[in-house]
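In what follows, a structure is listed as structure tokens, so that the remarks can point back to it.
The values are calculated or read from the model by the stated rules, or taken from the named source; none is laboratory data. If you're wondering where the values come from, they're calculated on a predicted model, not measured in any experiment. Cβ: placed from backbone, ideal geometry, glycine included. Neighbour counts: every protein chain shown. When the accessible area is computed, the model is the full protein with side chains, heavy atoms only, and any ligands, DNA or RNA have been set aside. Shrake-Rupley method; radii C 1.70, N 1.55, O 1.52, S 1.80 Å.
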Amino acid sequence: MNPRKAALIAWLAAACLGLSACQHVAPYQREALARPGMDVKEREALSSQFYTHVYEAREGAMPSSEHAGGGCGCN
Amino acid sequence: MEGRGNYFWERSTRVVVPEAKLKLTSPNGVRLGAGYLVDAITSASIAAAATSDQLKTELRHGVHADVGKELDLGSSELDLTVLGAYSTENDYRSWIYGLRSSLSWGERASKLSLTASRVQDRVLSNADRTFDRPLSGVTVGPSFEQVLAPVLVLTVSYQLGYLQGYLGNPYRRAAFASHAPEREAPPETRLRHEASARLAWYLPGSRTALHLLYSAYADSWNIAAISPELRVYQQIGPDLLLRPRYRLYLQSAASFAPPASGKYPAGYLGPTTNDPKLEALRTHTIGLAIEYRLGVFADTVFDFAKTAWLDVGFDRYLSNSSFGNGIIGTAGAVVPF
């Protein structure tokens, strides 16, 4: 399948799933979301930046301007 | 407080990045963050008149800081953060500043975020002291996070980016069939679109969290890319977490990538490049990370460290580009006080 079509289909599927979320989940029901395997955003923030830097240096997708340029042959 | 050591190794390049980050929260809720890193890049270069490759090491220093605060709006919460970063090496300077904002409602079950940032770079060349070109750009992007169920969270994001200036590498030479190589000259503007989604699902019976990530990318250089990724977080006992992962990246070539011969034909006057990452390529990342929380220190003299995390990760990076395969290693410690 063409990468553009595959991307569009996956994006629409994710958006539909998100928009269909009508069930309200109260805070006391969210214990599982605080587990170490779910609550990873803060813990992985710094290491994720390094992975992103490696990918931006070795893959053609244009880096976002949130990451400093240069390094790793990026420029 | 967090300290990390990162490592990337491939056939022609070694990158070692030690970094540290500090976050403080004042009693009135103002958050301050600051960080510093050194990028030590060692690469092989064929020096003029040399008969073998020589290793050359360059250092990049980077600092960043941010200030933020969450404001209680009654039935919702507004979080605002301003950030800035500066990076310097002997042939590159980069300034970044921006704003992150997020609005949460429904007892934080829904969160809408908006990020905007601007970059202002200077591209220099050690081989040509007269080369000094600007590069600037902006990135804006909304993101929406929704708790779908007690064990399910979905995040969808979109990001628009625009860069203007010298977007090549002053050391790279494009090859021509009719004459000697010239410094590569890609288009001077680039517009990017990136949509991404992350679905996190917790399985209480096995204490497993599955994270499915998907990203789709397209830009004005005619590069299109998709990147699905699966991460599995498996908790073992109270303090140990294993995280195997697999990421696939597929990309089409830039419209001005050189032909299969590697040389632009005689009379070609369009944009040029000799960048291997602008060709059609496929990469795989297969890795394992281990995280360990120092819960054993609870109720000891080191009780302050009981919520600290240590982690180590190893990834094999497989690429069919001429950069070849690589290894990514990370190790770090997060110590809350």
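Do we find a residue being among the hydroxyl-bearing types (Ser, Thr, Tyr) and within 24 Å of residue B:275 (Cβ to Cβ) anywhere in region B:153-161? Show your work before the answer.
The initial filter retains those residues of region B:153-161 that are among the hydroxyl-bearing types (Ser, Thr, Tyr), namely B:155, B:157-158.
From what is left, the residues that are within 24 Å of residue B:275 (Cβ to Cβ) are none.
No; the residues of region B:153-161 include none that is among the hydroxyl-bearing types (Ser, Thr, Tyr) and within 24 Å of residue B:275 (Cβ to Cβ).
Answer yes or no as to whether residue B:239 is closer than 30 Å to residue B:184 by Cβ and surrounded by 14 or more Cβ atoms within 10 Å (Cβ to Cβ). Before you say what the answer is, go through the steps one by one.
Values: closer than 30 Å to residue B:184 by Cβ: no; surrounded by 14 or more Cβ atoms within 10 Å (Cβ to Cβ): yes.
In short, no.
State which residue pairs qualify: first residue within 30 Å of residue B:336 (Cα to Cα) and in contact (Cβ under 8 Å) with a residue 40 or more places away in the chain and inside region B:268-297, second residue open to solvent by less than 70 Å² (accessible area, probe 1.4 Å) and of a type in the set (Phe, Trp, Tyr) in any location, beta carbons under 8 Å apart, and separation of 6 or more residues or different chains.
Pairs that qualify, where the first residue is within 30 Å of residue B:336 (Cα to Cα) and in contact (Cβ under 8 Å) with a residue 40 or more places away in the chain and the partner is open to solvent by less than 70 Å² (accessible area, probe 1.4 Å) and of a type in the set (Phe, Trp, Tyr), are B:291/B:309; B:292/B:309; B:293/B:309; B:294/B:309.
Scan region B:311-335 and report the pairs whose first residue is modelled with pLDDT under 95 and whose second residue is part of a loop (DSSP other than H, G, I, E, B) and surrounded by fewer than 16 Cβ atoms within 10 Å (Cβ to Cβ), with Cβ atoms within less than 6 Å and a gap of 6+ or a chain change.
Note: pairs meeting the criteria are B:324/B:11; B:335/B:1.
Inside region B:203-262, can you point out the residues that are farther than 28 Å from residue B:279 by Cβ, within 8 Å of chain A (Cβ to nearest Cβ) and free of Cβ contacts under 8 Å to residues at least 40 places away in the same chain?
B:207, B:208, B:209, B:211, B:233, B:234, B:235
Suppose we keep only residues that are of a type in the set (Gly, Ala, Ser) and in contact with a strand residue (DSSP E or B) (Cβ under 6 Å, 6 or more places away or on another chain) within region B:6-43. Which one would you say is farthest from residue A:50 (Cα to Cα)?
Of the residues in region B:6-43, the ones of a type in the set (Gly, Ala, Ser) are B:12, B:20, B:26, B:29, B:33-35, B:40, B:43.
This time we only want the ones that are in contact with a strand residue (DSSP E or B) (Cβ under 6 Å, 6 or more places away or on another chain), so: B:12, B:20, B:29, B:33-35, B:40, B:43.
Values: B:12: 19, B:20: 13, B:29: 29, B:33: 18, B:34: 16, B:35: 13, B:40: 13, B:43: 18 Å.
Among residues in region B:6-43 that are of a type in the set (Gly, Ala, Ser) and in contact with a strand residue (DSSP E or B) (Cβ under 6 Å, 6 or more places away or on another chain), the one farthest from residue A:50 (Cα to Cα) is B:29.
State yes or no: is residue B:198 closer than 30 Å to residue A:31 by Cβ, part of a loop (DSSP other than H, G, I, E, B) and in contact (Cβ under 8 Å) with a residue 12 or more places away in the chain?
On the way: closer than 30 Å to residue A:31 by Cβ: yes; part of a loop (DSSP other than H, G, I, E, B): no; in contact (Cβ under 8 Å) with a residue 12 or more places away in the chain: yes.
No.
List every residue pair whose Cβ atoms lie under 8 Å apart, where the two residues are 6 or more positions apart in sequence or sit on different chains, the first residue falls within region B:1-20 and is outside any strand (DSSP E or B), and the second residue, located anywhere, is of a type in the set (D, E, K, R).
Pairs found: B:1/B:21; B:1/B:23.
Of everything in region A:18-38, what is at pLDDT 90 or above and more than 7 Å from every other protein chain (Cβ to nearest Cβ)? Give them in sequence order.
Answer for region A:18-38, where residues must be at pLDDT 90 or above and more than 7 Å from every other protein chain (Cβ to nearest Cβ): A:28, A:31, A:34.
Checking residue A:68 against (1) facing chain B (nearest Cβ under 7 Å); (2) within 19 Å of the chain's Cα centre (by Cα); (3) at pLDDT 90 or above: exactly one of these is not met. Which one?
Checking residue A:68 against (1) facing chain B (nearest Cβ under 7 Å); (2) within 19 Å of the chain's Cα centre (by Cα); (3) at pLDDT 90 or above, the one that fails is (3).
From the residues in region B:121-154 that are at the interface with chain A (Cβ under 7 Å from one of its Cβ atoms) and small (Gly, Ala, Ser), which one is nearest to residue B:89 (Cα to Cα)?
B:137
Looking only at region B:225-262, how many residues end up being out of contact with any strand residue (DSSP E or B) (no Cβ under 6 Å at 6 or more places or on another chain) and of a type in the set (A, V, I, L, M)?
Total satisfying the criteria: 5.
Conditions first: (1) open to solvent by less than 70 Å² (accessible area, probe 1.4 Å); (2) among the hydrophobic types (A, V, I, L, M, F, W, C); (3) in contact with a Lys or Arg (Cβ under 8 Å, 6 or more places away or on another chain). Residue B:195 passes all but one, so which condition is the exception?
Going through the list (1) open to solvent by less than 70 Å² (accessible area, probe 1.4 Å); (2) among the hydrophobic types (A, V, I, L, M, F, W, C); (3) in contact with a Lys or Arg (Cβ under 8 Å, 6 or more places away or on another chain), residue B:195 breaks only (3).
Can you pull out every residue in region B:82-94 that is open to solvent by 70 Å² or more (accessible area, probe 1.4 Å) and assigned to a loop (DSSP other than H, G, I, E, B)?
B:90 - this is the single residue of region B:82-94 that is open to solvent by 70 Å² or more (accessible area, probe 1.4 Å) and assigned to a loop (DSSP other than H, G, I, E, B).
What number of residues in region B:261-310 are under 29 Å from the mean Cα position of the chain (by Cα) and of a type in the set (Lys, Arg)?
Result for region B:261-310: 3.
Filter the strands (runs of 3 or more DSSP E) completely within region B:95-192 down to those with at least 1 residues that are free of Cβ contacts under 8 Å to residues at least 24 places away in the same chain and either over 22 Å from residue A:60 (Cβ atoms) or open to solvent by 20 Å² or more (accessible area, probe 1.4 Å) (or both). Quick ask: steps written out before the conclusion?
Values: elements: B:110-124, B:132-149, B:152-165, B:173-176.
In region B:95-192, the matching strands (runs of 3 or more DSSP E) lie at B:110-124, B:132-149.
So for region A:57-65 (the condition being open to solvent by 30 Å² or more (accessible area, probe 1.4 Å), closer than 22 Å to residue B:65 by Cα, at pLDDT below 85 and within 15 Å of the chain's Cα centre (by Cα)), does at least one residue qualify?
Filtering region A:57-65 for residues open to solvent by 30 Å² or more (accessible area, probe 1.4 Å) gives A:63.
Next cut, closer than 22 Å to residue B:65 by Cα only: A:63.
With at pLDDT below 85 added as a condition, the list becomes A:63.
Among the residues that remain, those that are also within 15 Å of the chain's Cα centre (by Cα) are: A:63.
Yes - at least one qualifying residue is present in region A:57-65.
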